[in-house]
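In what follows, a structure is listed as structure tokens, so that the remarks can point back to it.
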Amino acid sequence: MATEDHSEGLVFHPMDQFMVKPLFGGDTVGMLTPTNVTLWMAITVLCIAGLFVFGTRGRAIVPSRTQSIAELAYGFVHKMVEDVAGKDALKFFPYIFTLFCFIVFSNMLGLLPKAFTTTSHIAVTGVLALAVFITVTAIGFIKNGASFLSLFWVSSAPLALRPVLAVIEIISYFVRPVSHSIRLAGNMMAGHAVIKVFAAFAPLVLFSAVGVVVTPLSILAITAMYGLEVVVAFIQAYVFTILTCVYLKDALHPHH
Amino acid sequence: MANTTHDTAATLGHGADHAAQAAGHAAQSAGMPQLDLSTFANQIFWLVVALIAIYFILSRIALPRISGILADRQGKITSDLAAAEELKAKAVEAEKAYNEALANARAQAAKIIAEARAEIQADLDKAMAKADAEIAAKAAESAKRIEEIRANAAKTVAEVAREAAVEIVAMFGAQADEQAVAAAVEARLKG
């Protein structure tokens, strides 16, 4: 790390935790350079494999604890896809489950001290959201042909309003991947940055008398934020997944 | 990424320094590592690798296994419930059979008791009849003996009377005719 010169006072680097750095030294980050992104994505993959492959190795009728968690996650997403997007969306279940697992594990692993949160980067969430957007649009056209465009033609509205609504619908359709990705990255980044700011205040007691009050307060705030972030980590994965299901439903059944 | 980026240390008491250094920081990486376009290719590459790995792990191994486990469990529950239902029916049947057997056994027992009672009664009646007959025979014999004794006694009385009469007559000094005395005594006894 850089010069964390405590003798000078408090050190604020709230955004440094998001820096992409090569794992084995050097300054340049090429496309194939193993970076902290690589490390934490690999850990994510290993954790997912650990839970869903190693955890279910017993194939027990009466499940072990890990197998219960794997089954719960499976049931949770499976039910979500079925309820939100319909039965015919279940063939996309592995794809949606992959997204959910990646996001929820990245978010949770990102909460470990010193961890790098891959989902706090717009490059990552943008790719996820664009993948959903492109896939869903392609499915929409493949399944429904040109009648997919009726998604933008609100037939329940008065005829005069329909062209206006169509413009709004089209704009909102294309804004989807933007909001989809920024929502996740923004939530992750903001929470971690806030924790880091509070963390910077925590050692104040070492430098100043005000610290007697500020240090316990900031530690309390870190604890509270951390609890909130655990909830947010899960909720954002849930929101991303359920929005994917909603978009998929629009693609499969575009008629309002 | 030069180390100067990390040097944007600020102290509470050096707000001006902080502002100046933060501005320098912002100039270098727009303040947010998220907007550093030079790392995008790297992140996207590794993201795609990770997603493909996760997708294959899940869709080839984990998801078929979990859905298999869930289906197995559902099947097991269904078959267990059916088996339980069957066993319950069997238990009801067995109870019925048991009750039937119990009723049969009771009826059998009652029959056997009645038979035994009738047999005992018959034996008793027979024994009573035999005893009655024996008693009657004994009574008849006794009556005969009494009759005999009475007859003997009458005879003895006549004899005694005759002898006594002969003696009395002799005492009076007369010679009694034994035959006449006997006839007289007899006549007297009959009278």
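The values are calculated or read from the model by the stated rules, or taken from the named source; none is laboratory data. Predicted model only: the values in this text are computed from it and were never measured. Because the Cβ atoms are built from the backbone with ideal geometry, glycine has one as well, and the counts that use them run over all protein chains shown. Heavy atoms of the whole protein, side chains included, go into the accessibility calculation; ligands, DNA and RNA do not. Shrake-Rupley method; radii C 1.70, N 1.55, O 1.52, S 1.80 Å.
Residue by residue through segment B:77-86, note down the ones that are hydrophobic (A, V, I, L, M, F, W, C) and either exposed (fewer than 11 other Cβ atoms within 10 Å of the Cβ) or on the phi > 0 side of the Ramachandran plot (or both). Within segment B:77-86, B:81, B:82, B:83, B:84 qualify. Kindly evaluate residue A:97 against the criterion of being under 21 Å from residue B:56 (Cβ atoms) and of a type in the set (Phe, Trp, Tyr). Yes.
A single entry from B:101, B:129, B:118 fulfils the requirement of being more than 14 Å from chain A (Cβ to nearest Cβ) and within 28 Å of the chain's Cα centre (by Cα): B:101. Inspection of segment A:202-224 finds no residue satisfying the criterion of being open to solvent by 70 Å² or more (accessible area, probe 1.4 Å), under 30 Å from residue A:254 (Cα atoms) and of a type outside the set (Ser, Thr, Tyr).
Rundown of residues vs (1) under 30 Å from residue A:200 (Cα atoms); (2) not in a loop (DSSP other than H, G, I, E, B), yes/no style:
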| residue | (1), (2) |
| --- | --- |
| A:17 | yes, yes |
| A:44 | yes, yes |
| A:53 | no, yes |
| A:56 | no, no |
| A:60 | no, no |
| A:67 | no, yes |
| A:89 | no, yes |
| A:93 | no, yes |
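Okay, residues lined up against (1) open to solvent by 40 Å² or more (accessible area, probe 1.4 Å); (2) modelled with pLDDT under 95; (3) under 30 Å from residue B:36 (Cβ atoms):
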{"residue": "A:118", "(1), (2), (3)": "no, yes, yes"}
{"residue": "A:121", "(1), (2), (3)": "no, yes, yes"}
{"residue": "A:146", "(1), (2), (3)": "yes, yes, no"}
{"residue": "A:164", "(1), (2), (3)": "yes, yes, no"}
{"residue": "A:190", "(1), (2), (3)": "yes, yes, yes"}
{"residue": "A:194", "(1), (2), (3)": "yes, yes, yes"}
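Based on what the data block shows, is residue A:34 more than 21 Å from the chain's Cα centre (by Cα), more than 7 Å from every other protein chain (Cβ to nearest Cβ), under 30 Å from residue B:45 (Cα atoms) and open to solvent by 30 Å² or more (accessible area, probe 1.4 Å)? Taking the combined requirement at face value, the residue satisfies it.
Restricting attention to segment A:37-72, the residues being more than 8 Å from every other protein chain (Cβ to nearest Cβ) and surrounded by 20 or more Cβ atoms within 10 Å (Cβ to Cβ) number 2. Between A:154, A:175, the distinction of being open to solvent by 10 Å² or more (accessible area, probe 1.4 Å), of a type in the set (Val, Ile, Thr) and touching a residue at least 60 places away in the same chain (Cβ under 8 Å) belongs to A:154 only.
Annotation: of all residues in segment B:42-76 being at the interface with chain A (Cβ under 7 Å from one of its Cβ atoms) and hydroxyl-bearing (Ser, Thr, Tyr), the one that is most open to solvent (accessible area, probe 1.4 Å) is B:55.
Note on segment A:95-130: residues that are farther than 22 Å from residue B:42 by Cβ and not in a helix (DSSP H, G or I) total 2.
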